[in-house]
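Notes follow once the structure below has been shown.
The values are calculated or read from the model by the stated rules, or taken from the named source; none is laboratory data. The structure presented is a predicted model; accordingly, all values stated were derived computationally and were not measured. Note that each Cβ is placed from the backbone with ideal geometry, even for glycine, and that neighbours are counted across all protein chains shown.
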Amino acid sequence: MVDINIGNAKKNITEKGFLDIEIDVNIDLFAEIEKLKKEKNAIILAHYYQEPDIQDVADYIGDSLGLAQKAAATNADIIVFAGVHFMAETAKILNPGKKVLLPDLKAGCSLSDSAPPALFKQFKDKHPDHIVITYINCSAGMKALSDIICTSSNAQKIVESLPADQKIIFAPDRNLGAYINKKTGRNMLLWNGACMVHEIFSQEKLTKLKIRHPHAKVIAHPECEAPVLALADFIGSTTGLLKYAQNSDANEFIVVTETGILHQMQKSSPGKTFIPAPPNNSCACNDCPYMKLNTLEKLYLCMKYEVPEIVMEESLRIAAKKPIDKMLEISAKYGL
Ligand code: 13P
Ligand code: SF4
């Protein structure tokens, strides 16, 4: 780590989750970040839910599967993960020898929080004849208790890769699990977790929006609840939604996921109209409060001073890596 000779720097990383020091307003953050990337052989991996400025300086933007695959393949010395904690942790699990940085350590995930490993272990122990498939949105502790990790873009294929009579526990997202049960005809046991962002889309508001935009295609993420998914023309991961919008003949889309994805949708299909679906509150669109903790300023500081860094106990890392490797192996087999 580069020495930080600034008063309470270390203390404020612990308390606030990021390095809270003043940045000269006259510097060009975009140019400085590009310079730091070259100097340090660093790569910036960003999720589609990051703010547009961060997406614009990233070397790779993707969904959870794409980001894990990119993290597994990179030869950069430093991985700067512009996403949430479980994503950066996954990159570290795959790259013990590399430095993995997260601009704000408090960028967590409500879905990951909904599955505390100690509670889940009790549940798992009651069903010893079940295989555990766990959505990547979980802690390293949960991954260590799992047989196979999946993401929203490979969950169906991973479930279908197992014999039809194999008993399965699916955690932590009950909505994705129910959707995969419906698609595959399986009866997986579901952990009762959910994403706070996707749970608050409103069936009623979406119905009203559809009436106002009768030609719009409704595209939704499978973390949404079943009554919302029932209104969708297409259901997929963030990459799946982006590709569908690019390839569709339609000109108008109602997008039922976190609003960060609209930046790439608008960039790749400038002539099309993307309408964010409203949540069931007074807001017009739906942001993930964790994803949006990262800012361009925090990204710059984290690259300059190489903090906050993801650190992990080696025994936990090894146990958490096995089910991720299994996921990458199955995904490669199916060309995902
Ligand atoms: P994907 O990008 O894999 O679809 O996941 C969405 C999400 O909620 C990430 O936190
Ligand atoms: Fe977690 Fe939901 Fe935010 Fe994704 S959108 S990081 S699942 S809280």
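Scanning the stretch 288-320 for residues that are buried (at least 18 other Cβ atoms within 10 Å of the Cβ) and closer than 24 Å to GLU223 by Cα yields CYS288, TYR290, MET291, LEU293, ASN294, ALA320.
CYS285 satisfies every condition listed in (1) buried (at least 16 other Cβ atoms within 10 Å of the Cβ); (2) over 30 Å from SER161 (Cα atoms); (3) at pLDDT below 95 except (1). The set of residues in the stretch 95-116 being surrounded by 22 or more Cβ atoms within 10 Å (Cβ to Cβ) and more than 16 Å from ligand 2 (Cβ to nearest atom) consists of VAL100, LEU101. Answer yes or no as to whether LYS304 is within 13 Å of GLY83 (Cα to Cα), touching a Leu at 6+ places or on another chain (Cβ under 9 Å) and either polar (S, T, N, Q) or modelled with pLDDT of 95 or more (or both). Against the criterion (within 13 Å of GLY83 (Cα to Cα), touching a Leu at 6+ places or on another chain (Cβ under 9 Å) and either polar (S, T, N, Q) or modelled with pLDDT of 95 or more (or both)), LYS304 does not qualify. In the stretch 64-76, the count of residues that are more than 14 Å from ligand 1 (Cβ to nearest atom), more than 16 Å from the chain's Cα centre (by Cα) and either of a type in the set (Ser, Thr, Tyr) or crowded, with 20+ Cβ neighbours inside 10 Å (or both) is one or more. When the criteria are applied in full, ALA250 meets the requirement of being at pLDDT 95 or above, more than 16 Å from ligand 2 (Cβ to nearest atom), surrounded by fewer than 18 Cβ atoms within 10 Å (Cβ to Cβ) and in a loop (DSSP other than H, G, I, E, B). Under the condition of being among the charged types (D, E, K, R) and within 16 Å of ligand 2 (Cβ to nearest atom), which residue from the stretch 49-77 is nearest to THR151 (Cα to Cα)? So, considering only residues that are among the charged types (D, E, K, R) and within 16 Å of ligand 2 (Cβ to nearest atom), the one nearest to THR151 (Cα to Cα) is ASP63. If you go through the stretch 118-140, how many residues are in a helix (DSSP H, G or I), more than 16 Å from ligand 2 (Cβ to nearest atom) and surrounded by 17 or more Cβ atoms within 10 Å (Cβ to Cβ)? The total comes to 3. In the stretch 150-158 there is no residue matching the filter, namely being closer than 26 Å to ALA277 by Cα and out of contact with any helix residue (DSSP H, G or I) (no Cβ under 8 Å at 6 or more places or on another chain).
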